[in-house]
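Remarks on the structure that follows.
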């Protein structure tokens, strides 16, 4: 098996696949033979990514999904299994934030970020894990963030707290399900050049933050995070579980 065929014939879920890191990962999985179910709330974005994968000869199916709604997530996982077979790999990538200070955030803004960035991860794993348990195992990678581990001035407190939760929830799941042959890890991107970041920070602001907080002074590219996700999902990483892997240009925090 060549490196480009690490996921040949395997059923894969990518949530939040309509742009940024999720889009890059969906393309990468399909290029390596994966059968991708792309879960995304925005139908235009989701279908566009799916169509682009199909145009390159890959296999992909778009399922409109509200990642904060359990019935929607349950139905998406069932559709992925029906279309491509039992889910073997999942990349849970949904997240987002509303800007604001600790004293300035409203409770609604806090709850919105928690639902999108942490509850979505819980719901995805809740419905992915039983499928994997029943079919010999699998892998899950969840998108956390460096802001879940250290203070970064660009991140709202709600987002930092939610992403810290993703790191610890991933570790919990890895311990609880290692003997089910399910590996669970998280990726912690640094400042990443996604469309969402571009809406919040100018290129000059991105460069300033990267220079201050990273040894490699530039924004991370979505494809660089996707490459780490694919490695953690692959058989090459068979003995890696319960880890939070930083993709952050050597963030300069202690430890």
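We did not get these values from a lab; they are worked out from the coordinates using the rules stated. Predicted model only: the values in this text are computed from it and were never measured. Quick reminder, even Gly has a Cβ in these numbers, built from the backbone with ideal geometry, and neighbours come from all protein chains shown.
In region 96-227, one over the average inverse separation of all distinct C-alpha pairs is 15.9 Å, which is the Kirkwood hydrodynamic radius. Listing 170, 145 from fewest to most neighbouring C-beta atoms within 10 Å gives 170, 145. With the convex hull of the Cα atoms taken as the outline of region 1-82, the averaged projected area works out to 5.0 nm².
The Stokes-Einstein estimate for region 65-122, based on a Kirkwood radius over Cα pairs and taken at 20 °C with 1.002 mPa s viscosity, is a diffusion coefficient of 166 µm²/s. Using 0.36 nm per residue and subtracting the Cα-Cα separation, the extra length available between residue 133 and residue 54 on full extension is 25.5 nm. The gain in end-to-end length when the residue 78 to residue 47 segment is fully stretched comes to 9.3 nm, 0.36 nm per residue minus the alpha carbon separation. Principal semi-axes of the equivalent ellipsoid, √(5λ) from the alpha carbon gyration tensor of the chain, are 27, 19, 19 Å from largest down. Rounded to the nearest 0.05, what FRET efficiency do residue 101 and residue 211 give with R0 = 22 Å and r taken as the Cβ-Cβ distance? Could you check? The computed FRET efficiency comes out at 0.40.
Could you let me know the centre-to-centre spacing of region 204-255 and region 73-122, using Cα atoms, in angstrom? The two parts, judged by their Cα centres, are 21 Å apart. For the listed peptides 234-242, 42-50, 15-23, a ranking on the average number of other beta carbons within 10 Å per residue, highest first, reads 15-23, 42-50, 234-242. Taking every Cα-Cα distance in region 174-253 and sorting them into 5 Å bins from zero, the calculated P(r) comes out as 3, 15, 21, 19, 15, 11, 9, 5, 2, 0 percent. An ellipsoid equivalent to region 182-226, defined through the eigenvalues of its Cα gyration tensor, has semi-axes of 22, 13, 8 Å when rounded to whole angstrom and sorted largest first.
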